[in-house]
Amino acid sequence: GARGGGTMFSGTGSSGHYKAPLSKSLMVVLSTLAFILTVPLQQYQQYFIYNLHAIKQDQELWRIICARIICLDLKDLFCSCLLIYNFRILERRYGSRKFASFLLGSWVLSAVMDLLLVETLHQTLDMSVSILPSGFLGPIFALFVPFYFSIPSVPVTHILGRFSITNKTLVYVVGLQLLTSSTTTWILALSGLLSGIIYHYDVLKVQQLLSVPMWVTRCASFILEPLCASAEPTHETPIGMGATLEIQRQQRMELLDQQIMLAQLNQNNRRHRWQGGLINWNRLFPPLRNRFPSNNQQRESGPNTPSTAAAVSEEQVARLMEMGFSRVDAMEALRATNNDINMATNFLLQH
């Protein structure tokens, strides 16, 4: 399963493009095409300008395809690639075919949304917009929808004791940077978000209408996997830039706890995995619970005194249930891991 970062710099999920060939190839293709148009073929940039006036008045419909794929602004390209890299966790979770279908569906929907929003602005506010930023921006903004609803936020640290920094904060900051890159990017952002909501919630069965056929997936897999396959990342916990010894110790403890959980599961999987249709958490996690006493109760209580179970956060239970887990398993996983949603998610995704 994807693993939330232990520090602010480890992002969402493990590093690299393991099990994310589409994300990797998309970054390579977009970067290569943008570089070609910026340096050797700069004279052809005019054909990739997202000119709405030319599309509507001159019937240059090919601009909808060209201008909505290749980015002419290198700053936007950098932010786009950084976001695609972080959104690779969605490809790992749902598979490359569903990820590609979402990109295709949101790309088509956002193209329609762009024209509708611009026409609405012209009719209601008498605001004329003729040129929009070029690039693969619509689907990128649309990806914020499943990213927000499907990927749990794992608190990393706090600023001034109030503002929580999570494993998703950096992604939202980069998205805000992309949003403010020009005065009209907000139109593409709104269009992308609306398209993402429509596709994510399958409004009017749009997922069946706009999906990548299986034969295309097989052909792409045959071509892309040898070129874009990435090795499985090591299980070593990455140490963030400037990490203190305390952070490093905490990360190693978290990794050790995950290894203990998996070892206990492997020992009990065949005989004690299910009890009445649910995972037998009491057999899997008693040593782990004793390792996470709340409010330092372990120091105060004797060796024979049972530790008090930590209260389970309903918000975290809801996040795990949104990912498809039962309420009972979500509550037991959070209780056993002392409300560590990162460890609970890892365990539930793998088992």
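The values are calculated or read from the model by the stated rules, or taken from the named source; none is laboratory data. On a predicted model such as this, the values are computed, not experimentally measured, just so you know. For neighbour counting, all protein chains shown are included, and Cβ atoms are generated from backbone atoms with ideal geometry for every residue, glycine included. Each accessible area value is taken on the protein alone, full model and side chains, heavy atoms only, with ligands, DNA and RNA left out. Shrake-Rupley method; radii C 1.70, N 1.55, O 1.52, S 1.80 Å.
Table for the structure above
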| item | result |
| --- | --- |
| Criterion: touching a Phe, Trp or Tyr at 6+ places or on another chain (Cβ under 7 Å), of a type outside the set (D, E, K, R), within 28 Å of Glu119 (Cβ to Cβ) and at pLDDT 90 or above - qualifying residue of Ile69, Ile64 | Ile69 |
| Residue list for segment 48-100, restricted to those being among the β-branched types (Val, Ile, Thr), assigned to a helix (DSSP H, G or I), over 16 Å from Leu178 (Cα atoms) and out of contact with any Lys or Arg (no Cβ under 7 Å at 6 or more places or on another chain) | Ile64, Ile65, Ile89 |
| Qualifying positions in segment 32-47 - open to solvent by 40 Å² or more (accessible area, probe 1.4 Å), under 20 Å from Thr185 (Cα atoms) and in contact (Cβ under 8 Å) with a residue 12 or more places away in the chain | Gln45, Tyr47 |
| Residue among Ala100, Ala111 that alone is closer than 22 Å to Ala34 by Cβ and touching a residue at least 60 places away in the same chain (Cβ under 8 Å) | Ala100 |
| Residues being modelled with pLDDT of 70 or more, out of contact with any Lys or Arg (no Cβ under 6 Å at 6 or more places or on another chain) and either open to solvent by less than 40 Å² (accessible area, probe 1.4 Å) or of a type outside the set (D, E, K, R) (or both) - total across segment 306-320 | 6 |
| Output for segment 208-218, where each listed residue is open to solvent by less than 70 Å² (accessible area, probe 1.4 Å), part of a helix (DSSP H, G or I) and of a type outside the set (Ser, Thr, Tyr) | Val216 |
| Filter pass, Thr185 being polar (S, T, N, Q), touching a residue at least 12 places away in the same chain (Cβ under 8 Å) and touching a helix residue (DSSP H, G or I) at 6+ places or on another chain (Cβ under 7 Å) | yes |
| Single residue of Ile140, Ile165, Ile131 found to be farther than 30 Å from Gln45 by Cβ and touching a residue at least 12 places away in the same chain (Cβ under 8 Å) | Ile165 |
| Some residue of segment 261-276 being over 21 Å from Ala333 (Cα atoms), in a strand (DSSP E or B) and either modelled with pLDDT of 65 or more or of a type outside the set (Val, Ile, Thr) (or both) | no |
| Count of segment 90-125 residues which are over 13 Å from Leu143 (Cβ atoms) and either open to solvent by less than 30 Å² (accessible area, probe 1.4 Å) or among the hydroxyl-bearing types (Ser, Thr, Tyr) (or both) | 8 |
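So that you can scan it fast, the table gives a plain yes or no per residue for (1) open to solvent by less than 70 Å² (accessible area, probe 1.4 Å); (2) modelled with pLDDT of 90 or more; (3) not acidic (Asp, Glu):
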{"site": "Ile198", "(1), (2), (3)": "yes, yes, yes"}
{"site": "Gly240", "(1), (2), (3)": "yes, no, yes"}
{"site": "Gln248", "(1), (2), (3)": "yes, no, yes"}
{"site": "Met253", "(1), (2), (3)": "no, no, yes"}
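Let's see how each residue does on (1) polar (S, T, N, Q); (2) open to solvent by 60 Å² or more (accessible area, probe 1.4 Å):
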residue: His53; (1), (2): no, yes
residue: Lys56; (1), (2): no, yes
residue: Leu72; (1), (2): no, no
residue: Ser80; (1), (2): yes, no
